[in-house]
Amino acid sequence: MKTEKVKERIIRVASDLFYKQGFNSTGINQIIAEADIAIGSLYNHFSSKNELLQAYLIKEELEWFNGFEEHAVNLSSAKDKLLALVDYRKKLQDSTNFAGCHFIKIISEVGESNPAISDFVKKHKEKQKTLINDIVRELPEQESIDIDEVTETIFIVLEGALVISTINKNTKGFDHAKKIIQEIVS
């Protein structure tokens, strides 16, 4: 069994706390206590709580895109990939007990008070949109559709399903989103 490195443990503990109770409600002392480290260990790896927040978002972004890649690795058709994206988002919501998107939660908490964080979140959502756009470009009927319009519609439908799922604590929004996307790409 590989032992977890101190830096990885700090990021894991901080990630769990930031997601469950919020960035502003999580103190450095709590992170230190729950990671079972000395204060010096934290500051050897991160100069500030904001730097730790950046590491959290980077970790979540990597996991998000790697997770989707693994989820859709055996799919070849663009339509199947788009529908798999709905299933993947649904699975993520279900696995977090409908706690919502890590990135939306952080931006709603820090807003524009931390430009580096808000820029990161905006870029993450743009990367999601680029992923959708790349898949839409693979559709057989791409010559007869407005690729950017279809991309934007699918992105908004997915984000809306995520919000509804978080509010209602169920996945029905994703089921509806899947029907909408099937109609768009059929």
**Prompt:** Which angle between 0 and 90 degrees, to the nearest 10, do you get for helix 172-185 versus the longest principal axis of the chain when only C-alpha atoms count?
**Reply:** 40
**Request:** Within 10 Å of each residue's Cβ, count the other Cβ atoms and sort R137, R89, R9 from fewest upward.
**Result:** R137, R9, R89
**Request:** Find how many whole Å separate the alpha carbon centroid of the range 17-66 from the alpha carbon centroid of the range 117-186.
**Result:** 30
**Message:** Taking 22 Å as R0, compute the FRET efficiency from the Cβ-Cβ separation of E8 and I39 and round it to 0.05.
**Reply:** 0.75
**Cα radius of gyration and Dmax for the range 1-112 (Å)** = 16.3, 51
**Fill in**
Expressed in Å to one decimal, the Kirkwood Rh of the range 53-185 from all distinct alpha-carbon pairs is 15.4
**Item:** Two-decimal log10 I(q)/I(0) for the range 1-47, as the Debye equation yields it once each C-alpha is a single scatterer, q = 0.13, 0.18, 0.23, 0.32 Å⁻¹
**Value:** -0.26, -0.49, -0.78, -1.25
**Asked** Given a cut-off of under 8 Å on Cα pairs at least six residues apart, what relative contact order in percent is computed for the chain?
**Response** 22
**Item:** Estimated 222 nm signal from helices in the chain, with DSSP H stretches of n ≥ 4 weighted -39500 (n - 2.57), rounded to 500
**Value:** -25000 deg cm²/dmol
**Request:** Within the range 1-95, report the GluC sites (Glu not before Pro) that DSSP leaves as loop and that have at most 13 other Cβ atoms within 10 Å.
**Result:** E4
**Request:** Could I have the simple spin-label model distance between K91 and Q142, label points 7 Å from Cα toward Cβ, reported in nm to one decimal?
**Result:** 2.5
**Request:** Report ³J(HN,Hα) in whole Hz for each residue of the range 92-104, in order, from the Karplus equation J = 6.51 cos²θ - 1.76 cosθ + 1.60 where θ = phi - 60°; Gly and Pro get x.
**Result:** 4, 4, 4, 5, 9, 6, 6, 7, x, 7, 3, 6, 5
**Request:** Among H176, H45, rank each residue by its count of other Cβ atoms within 10 Å, from fewest to most, as a rough exposure measure.
**Result:** H176, H45
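Coordinate-derived values only; no laboratory data. Being a predicted model, the structure only gives us computed values, none of them experimental. Note that we place each Cβ from the backbone using ideal geometry, even for glycine, and neighbour counts take in every protein chain shown.
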